[in-house]
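Where a number appears in this text, it was derived from the coordinates with a stated rule and is not lab data. Source: prediction; values computed, not measured. Note that each Cβ is placed from the backbone with ideal geometry, even for glycine, and that neighbours are counted across all protein chains shown.
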Amino acid sequence: MDIPRPSQAKAKLRKRLIIGAVVVAILGGLTFAISSLKPAAPTVDRSLVWIDTVKRGPLVRQVRGVGTLVPEDIRFLTARTAGHVERIVLRPGAAVKPDSVILVLANPDVAQAADTAESQLHAAESEYTNLKISLESQLLSMEASLASAKSDDETSRLQAEVYSALFKEGLISELELQKAKVTAEDAATRHQIEKKRYAFTQESMKLQLQIKTAEVERARSLAKLRREDMDALTVRAGMTGVLQTLSLEVGQQFSAGSVLAKVADPTRLKAEIRVAETQAKDIRLGQPAEIDTRNGLVPGRVSRVDPSVQNGTVTVDVALKGPLPDGARPDLSVDGTIELQRLNDVVYVGRPAFGQENSTIGIFKLDPDGNYATRVQVKLGRSSVNTIEVLSGLQPGDRVILSDMSQWDSTGRVRLN
């Protein structure tokens with residue numbers, strides 16, 4: 001007879017369900033584990049980054065700029081009148097003295113104007129002399145008239161006194177006495193009139209001579225001006241130094257006011273340093289500075305700070321206090337370093353690639369083993385040329401990456417190989 005066997009289908013189905021549940025559980029656990037893992041830190045070549053150590057100690061705040069040496073004594077020789085170059089006597093680089101002739105210029109109109117002014121001066125002086133002689137002759141005539149009137153006055157007065165005494169003695173009539181008195185009064189009146197005429201003539205003479213003197217002085221001033229224009233056609237250095245530039249060639253025309261040449265004293269130089277406008281706010285007069293001529297260092301002091309900004313820079317004049325090294329000359333390119341402040345005890349580090357003073361930035365700080373670096377927020381303070389103050393976020397002894405790490409802005413940790 002047949003014996004019934006237990007069904008195997010249900011057992012197989014149950015086994016498959018159990019296996020499927022186990023597989024799903026395993027896959028879910030793996031997925032969760034993988035999702036919980038942190039992404040691998042990107043690798044950075046250690047030799048390509050700049051690593052510095054945070055320090056504590058004194059910090060000298062400085063700013064740096066580039067510039068040129070400029071003469072303190074410069075004389076620009078300009079043309080008083082228009083004309084053309086007739087002869088060049090000296091070329092740039094020549095040593096000059098105040099009376100050294102550099103150029104000889106020509107302008108026929110200037111020469112003619114000088115001659116005309118001289119002639120007008122001589123004519124004015126002759127007119128003054130003739131007028132003075134004429135007035136002095138008139139004054140002499142007036143003096144003679146005054147002397148005659150004075151004599152008549154004295155004579156008439158004495159005669160009247162005599163007639164008065166004779167009348168008292170009865171020797172002359174009263175009519176004769178009255179006639180003598182009238183004559184004396186008339187002589188006295190004419191004497192007073194002559195005195196007034198003489199005084200008026202003197203005053204009139206002074207006024208006429210003053211007017212003529214003014215005309216002579218005006219002619220003399222004009223003649224002097226024209227002579228100076230004529231003399232200016234011979235261009236002289238006017239100071240001891242070196243001829244720096246010469247703007248013209250023989251035969252070249254120029255207008256009044258044109259710059260003909262430049263003379264400077266090469267022994268008295270200053271440095272004009274251009275400092276970035278963001279770094280110039282703390283520069284003050286009198287601050288110490290150092291100028292690098294690439295052939296030696298020269299100490300100096302800030303003597304002027306330009307109040308305006310040009311092309312993103314501020315021009316700072318530095319007066320040089322030490323002897324100039326060999327090769328120092330006008331327009332020589334130099335580097336200047338200006339000392340702003342000395343801080344005695346601060347935490348500082350090398351200046352990061354994009355670290356500005358008084359800002360907060362992210363910097364990668366190396367782990368103690370030096371294999372990894374983690375980004376930390378660091379608050380920066382006052383800065384110098386190559387260093388910057390650390391206010392918070394780092395401690396002395398920490399090692400940080402100062403290079404540009406902007407390509408890893410999306411990660412907070414890197415690996416150094």
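If you place +1 on the Cβ of every Lys and Arg and -1 on the Cβ of every Asp and Glu, how big does the dipole about the Cα centre of the chain come out, in debye to the nearest 20?
Details: 55 positive and 51 negative charges, 924 e Å.
Rounded to the nearest 20 debye, it is 4440 debye.
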Anyone know which of Val104, Val182, Val385 comes out most mobile in the 10 Å Cα GNM of the chain?
-> Val182
Rounded to the nearest 20 debye, dipole of the stretch 251-354 from Cβ charges on Lys, Arg, Asp, Glu | 160 debye
Dipole of the chain (Lys/Arg Cβ +1, Asp/Glu Cβ -1, origin at the Cα centre): which of Ser359, Gln252, Ala82 lies farthest to the positive side?
-> Ser359
Quick one: longest stretch of the chain between exposed loop chymotrypsin sites (Phe, Trp or Tyr not before Pro), exposed meaning at most 15 other C-beta atoms within 10 Å and loop per DSSP?
-> 51-353
Compute the semi-axes of the equivalent ellipsoid of the chain, taking the square root of 5 times each eigenvalue of the Cα gyration tensor, and list them largest first in whole Å.
-> 111, 31, 22
Between Gly238 and residues 5 or more places away or on another chain, which pairs have amide H atoms under 5 Å apart, with H built 1.01 Å from N, and which residues are they?
-> Asp99, Ser100
Between the residues Val298, Ala199, Ile133, the Cα farthest towards the positive end of the dipole of the chain, that dipole coming from +1 and -1 charges on the beta-carbon of Lys, Arg, Asp and Glu, is from Val298
Inverse mean reciprocal Cα-Cα distance (Kirkwood Rh) of the stretch 205-288, Å = 18.7 Å
By what distance, in whole Å, do the Cα atoms of the stretch 72-224 stretch along each of the three principal axes, largest value first?
-> 110, 34, 15
Roughly how many whole Å is it from the C-alpha centroid of the stretch 243-263 to that of the stretch 145-187?
-> 87 Å
Would you work out which of Val22, Leu222, Gln310 lies farthest towards the positive end of the dipole of the chain? Charges go on Cβ: Lys and Arg +1, Asp and Glu -1.
-> Val22
Mind jotting down the distance between the C-alpha centroids of the stretch 82-110 and the stretch 355-415, whole Å?
-> 64 Å
Comparing Ser156, Ser247, Ser173, which has the greatest mean-square fluctuation in the GNM of the chain with Cα pairs linked when under 10 Å apart?
-> Ser173
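How large is the Kirkwood hydrodynamic radius of the stretch 102-186, in angstrom, based on all distinct alpha carbon pairs?
Value: 18.4 Å, from the Cα pair sum.
Could you give the size of the charge dipole of the stretch 109-228 about its Cα centre, using +1 on the Cβ of each K and R and -1 on the Cβ of each D and E, expressed in debye and rounded to the nearest 20? Display every interim value, and only then the final one.
On the way: 17 positive and 21 negative charges, 55 e Å.
Charge dipole of the stretch 109-228: 260 debye, to the nearest 20.
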Of the peptides 184-192, 322-330, how do they stack up when ordered by the mean number of other Cβ atoms within 10 Å, highest first?
-> 184-192, 322-330
Listed by chain and number, the lysines with an alpha carbon less than 22 angstrom from that of Lys196, same-chain partners under 8 positions apart left out, are Lys132, Lys150, Lys206
